[in-house]
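Bear in mind these aren't lab numbers, they're just calculated from the coordinates by the rules spelled out. This one's a predicted model, so the numbers in the text were calculated from it and none came from an experiment. Cβ placement follows ideal geometry from the backbone for every residue including glycine, while neighbour counts extend to all protein chains displayed.
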Amino acid sequence: MTRNTTVDVALIGAGIMSATLATLLRMLDRRLRVVIFERLDHAAAESSDAWNNAGTGHAGYCELNYTPERDDGSVDCSKALDIAAQFALSLELWRALVERGDLPAARTFVRTVPHLSFVQGASDVAFLRARHAGLVRSPLFAALEWSEDPAQLAEWMPLVMEGRERGVPVAATRMAAGTDVDFGALTRGMIAALAKHDDVEVRLSHEVVDVARDGDAWRIAVRDLAGKREHAVRARFLFIGAGGYTLSLLEQTGIPEAKGYGAFPVSGQWLRCTSPAVIARHHAKVYGRAAVGAPPMSVPHLDARFIEGKHELLFGPYAGITTRFLKEGSPLDLLRSIGIDNILPVVAAGVGNLDLTRYLVGQALLSHDERVELLRRYCPTATPDDWQLLVAGLRVQIIKSDGRGGGELKFGTEVVTSADGSVAALLGASPGASTAAAIMLEVIERCFPGRWPAPARPWLRPS
Ligand SMILES: Cc1cc2nc3c(=O)[nH]c(=O)nc-3n(C[C@H](O)[C@H](O)[C@H](O)COP(=O)(O)OP(=O)(O)OC[C@H]3O[C@@H](n4cnc5c(N)ncnc54)[C@H](O)[C@@H]3O)c2cc1C
């Protein structure tokens, strides 16, 4: 592929979203000429890297924020059911790629790790009971177990029960078939498989610096960070999967659909266990309820992880304040993102979310001992010497204009597409990587309507 050619598809960012979209499009049409630009010198080094996210194969089994309590005490299970169905699609895609030889053995990126929700206190126990009763009606959740018996809970999660004060009611649900996913290894596997084809080019250390309309295509200006040279490529379809930098690139397209969005970054940190003896005793992901004011994705959890094949134990994420939009971003990112089109919604969202701001400031100021104190709610016997602090990835939440000068902070993901379907972008952060297949199938449906006879599950087509 020469530098001035027009390609069919250009993707900005080599994270899980671009990798998934490129893979699905190439399943639909082997002749598509594709180029992926990545500013870092290797793929999946931002949010998609295993150390930067929690690796939970989100299927709604344990995340209590997906099942909000209604005013009458009943539980709304619809989001958990949707996410379970979406994760099933991702699993189907990955299985098909392993069978085709386009991904290494599944064990290198996905492991079975039971998913538990753990609560304490009578009202949270009542909530969890109602949640369990609501979910088990669906065949996707039929295997969800429930227990209030401390002996059973100690068997499921010894570290969580050991040293715990007696007398406070506790309960948990457990899905034995939960998963831990090394999204970094998965993404790098997908990118490597794509790069084997002559019609696909992956350009690492190449930063997209400008996007503009150019007739029936998009002109993408790219800086080669190794040689410090700039060149341009034309693309008929452009996907912006640049994580925290997506919004600024989307704004450069000038499409009306990009107007009125703002962005708000939340940084993350983990405690990583350094004691092999402690790590060896925990074999589950244990999620709890979020603290007051906490953003829904900051629900703490004590996770057995498999990163680069090694058993790890992480607790968190602790949230924090940052002005960067990527880990490898600039401290000026937040300031640069505010302009005439979004200043009102950004200010309104700030004023309307003071609880969140207070929570983030509080988290940012925690000392190591205070962090360990929070960890002890999940692991009462934890000692500060066995845990070290790690910086996780950051999530850039969307602020969306309400059209009346106000703005709302959103915690989900949002696909933005142009009316002509020539550009698509993914904003927001949650539930994220687990639902990549469903989100990218939505992009295909919206941007290529009618182009392929059955795009719903392209992996079922003969390769
Ligand atoms: C703390 C935390 C915990 C999480 N936990 C989970 C979880 O348990 N389960 C789950 O499913 N999801 C989780 N997520 C969400 C998940 O990590 C993300 O949804 C997913 O990784 C996003 O992938 P992406 O491809 O959109 O972005 P990224 O992986 O961030 O990739 C974007 C890429 O674009 C590149 N880029 C940016 N600008 C440019 C440019 N101008 N030119 C070229 N390249 C550019 C970046 O360098 C980066 O490599 C978590 C996220 C965080 C932060």
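Below are the figures for this structure:
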| quantity | calculated |
| --- | --- |
| Summed residue charge, Cβ within 10 Å of Ser267's Cβ, Lys/Arg positive, Asp/Glu negative | +3 |
| Full-stretch length increase - Arg404, Asp8 - with 0.36 nm per residue and alpha-carbon distance subtracted | 138.7 nm |
| Positive-end extreme of charge dipole, the chain - chosen from Leu389, Val286, Leu81 (charges on Cβ) | Leu81 |
| Charge context of Val170, other residues only, Cβ under 11 angstrom, K/R +1, D/E -1 | -2 |
| Per-residue Cβ neighbour rank within 10 angstrom, fewest leading, Tyr245, Tyr359 | Tyr359, Tyr245 |
| Ellipticity estimate at 222 nm from DSSP helix runs (n ≥ 4, -39,500 (n - 2.57)) divided over the chain, nearest 500 | -8000 deg cm²/dmol |
| Inter-site label distance for Ser74 and Lys196 at 7 Å from Cα along Cβ, in nm | 5.1 nm |
| Among Phe264, Gly167, Leu204 - extreme Cα towards positive end, dipole of the chain, charges at beta-carbon | Leu204 |
| Rounded, prolate or oblate (a/c below 1.5 giving rounded, otherwise prolate when a/b exceeds b/c) for the stretch 305-463 by Cα gyration tensor | oblate |
| Cα Rg, Dmax, the chain, angstrom units | 22.2, 71 |
| Pair Thr112, Arg166: separation of 7 Å Cα→Cβ label points (nm) | 3.4 nm |
| Straight-distance crosslink candidates among aspartates and glutamates, where the alpha carbon sits under 13 Å from Lys79 and sequence neighbours closer than 8 are dropped | Glu63, Glu69 |
| Amide N proximity, the stretch 160-176 versus Ala122 label position 7 Å along Cα-to-Cβ, cut-off under 13 Å | 168-170 |
| Residue exposure sequence - Leu32, Leu238 - by fewest surrounding Cβ within 10 Å | Leu32, Leu238 |
| Relative exposure of Tyr378, Tyr66, judged by other C-beta atoms within 10 Å (fewest first) | Tyr378, Tyr66 |
| Radius 14 Å from Cβ of Gly339, net charge of other residues (Lys, Arg +1; Asp, Glu -1) | -1 |
| Dipole in debye (nearest 20) - the stretch 6-447, about Cα centre, beta carbon charges: Lys, Arg +1; Asp, Glu -1 | 340 debye |
| Rough spin-label spacing in nm, given labels placed 7 Å along Cα→Cβ, for His311 and Glu445 | 4.1 nm |
| Partner lysines for Lys310 [C-alpha distance under 19 Å; skip if fewer than 8 residues away on the same chain] | Lys285 |
| Chain lengthening between Asp149 and Ala133 when straightened (0.36 nm per residue, less Cα-Cα) | 4.0 nm |
